[in-house]
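Comments concern the structure below.
Values in this text are rule-based calculations from the coordinates and carry no lab data. Please read these numbers as outputs of a predicted model, since none were measured by experiment. Positions of Cβ are generated from backbone atoms using ideal geometry, with glycine treated the same way; all protein chains shown enter the neighbour counts.
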Amino acid sequence: MKIDILLGLQWGDEGKGKIVDALTPHYEIVARFQGGPNAGHTIEFHGAKHVLHLIPSGIFHEDKINIIGNGVVVDPVVFRQEVESLGIDIATVRERLLISLKAHLIMPTHKLLDAAHEASLGEAKIGSTLRGIGPAYTDKASRNGLRVGDLLRNDFREIYRSRVNEHLRLLEGYGYRNDLKALEKEWFESVDYLKEFTTVNADYYLDVAMQTGKRVLAEGAQGTMLDIDFGTYPFVTSSNTVAAGACTGLGVAPGRTGEVLGIFKAYCTRVGSGPFPTELDDAFGQMMRDRGHEYGATTGRSRRCGWLDLPALKYAIMVNGVTRLFMMKADVLSGFSEVRICKSYTVGGKEQTELPYCLYDIEGLNYLTFKGWQCDITGCRNWEDLPQELKEYIQYIEKETGVPVTIVSVGPDRSATIYR
C-alpha cells in the first residue's frame, strides 16, 4: 500500500480537519506529519465543535490509529489540555493515539524566546502565534532539540536543564524576563501525563502497516504558501507543509506515496503579516469574514480575506503534485452578486501567471468575473443540487488547473459535503 497525503494549498485554515475526519473511514491510520499547536483543525458533528492542535483529525473514529509524527513539535501542556477536551474516555484515547519517539518537544523557554524575538522585530514582526514553534524547530535544526524519546532517558532532567540554560542566555540578550518556575511546574506535570501514552518508532510502525495492507492518510497542517521553502518567505511557518514534508515528517520514502489531496477555499484567507495579492479591504472582504466566521481557531485573530488566487493555487498544485482538489466553504460566497478569480499578475509591466520571487513585486491583478449564486446551498448533498453558477465556477478551476474537484464542502458539519 501507498500513503495518501492531505494538505492545504493556500495560507492555512482551508478546512483540513473536516475533510480528514470525513475521509478517515476509508483509512486505518491517520498521521500528522508536521507543525505544532499553531494548527487549529476544526471538526463539527452531532452539533458539537472540536478544535484539534496536535492530535490527528481521525481521533473521533473507532478502530482507527492516529499518529503524531516525528515532524511535529509537541507542547506537553497543550497536548494534555487537548486530550482532556476531546470528550473521549482517556483509555480509549490511549488506544487510538501513538506518538513518535522522534517528535521534538516545545519547552517553556521556547515560548519565552518566541515572544522575545517577535517583540524585538517591532513593525517588521512576522505574525508568530507565540507558541514556541519557531524556536523549537530552530533547536531541532541546530541539533539542540529535546525529543519525546529523551523523556524515557535516566538523564532527561540534565538534558533539559542544559537546554534551558542556553535559552536563558539568549533571553538575557533580549532583556526579556518572565517567571519560568510557574511555567515549568505545569510543563513537568504535563510531561508525566504524556509519558502515559504509547510512544513508537513511527517510521518502522508505518512501514509494517503499509506492508500488511493498511491504508494510511498523512495529515498536514498550515498550508503550502506558509512552507518554509516554498511559501511567502519570511512570512511563513517553520516546517515543510508541502507533500515532501510527509516523507521527512513520517519517515516514508517518496516512492511509497500515493494520492496527494489538495484542499483550498473557494476564496482566500490569511492570518498575520505578509503579502496577500487578492486581499479585499472592503465590504466584500468583510462579508467573507463574517459569513465564513474567519477567525483563527488557535489564535482567535481575524483572517484577511480575498478572492481566489489562481496563479498561487496552480503553483501549490505543481510543487505538491496534487491529484485531487477539494473545495471548501463554497457556501460562504452564496449571495454575492459576482464572484471573481485572479487569473494572472502584472509584474514589470507584463502579464504573467508565474509567482514572482517576491509577491510584493506584483504591480497589478487581472481578474475574471463570474455571476454569483444567490441561493442557500448548505442543504445540497449532490452535485446536481448545486446552482449552475457555482458549477461553472468550479469547472473553470478544473479546466485551468487540470485537476478534478472531487469534494465540495457546503457547510461546517461533516455531513455538509458533496462527493463527486
Alpha-carbon Rg with Dmax, taken over the chain, Å: 21.4, 66
Quick shape summary for the range 227-310, equivalent ellipsoid via Cα gyration tensor, semi-axes whole Å in descending order, reads 29, 14, 12
Normalised convex hull volume, the range 262-420, alpha-carbon set, Å³ per residue: 120 Å³
What value, in deg cm²/dmol to 500, does the helix sum -39500 (n - 2.57) over DSSP H runs of n ≥ 4 give at 222 nm once divided by the residues of the chain? -9500 deg cm²/dmol
Pairing the Cα long axis of helix 76-85 with the longest principal axis of the chain, what angle in degrees results, from 0 to 90 and rounded to the nearest 10? 60 degrees
Using r as the Cβ-Cβ distance of GLU354 and ASP179, and R0 as 45 Å, what FRET efficiency do you calculate, to the nearest 0.05? 0.35
Suppose we keep just the alpha-carbon trace of the range 1-157; what are its Rg and Dmax in angstrom? 16.4, 49
Which of the lysines could a cross-linker span from LYS181 if the Cα-Cα distance has to be under 29 Å and same-chain partners fewer than 8 positions apart are dropped? LYS102, LYS111, LYS125, LYS140, LYS195
Longest principal axis of the chain (C-alpha) makes with the long axis of helix 202-211 (C-alpha) an angle, in degrees to the nearest 10, of 60 degrees
Burial-style ranking of 161-169, 198-206, average other-beta-carbon count within 10 Å with highest first, yields 198-206, 161-169
Divide, for the range 300-363, the radius of gyration over alpha carbons by 2.2 N^0.38 Å, where N is the residue count. 1.32
All other residues with a Cβ under 9 Å from the Cβ of GLY58 taken together, and with Lys, Arg as +1 and Asp, Glu as -1, what is their net charge? 0
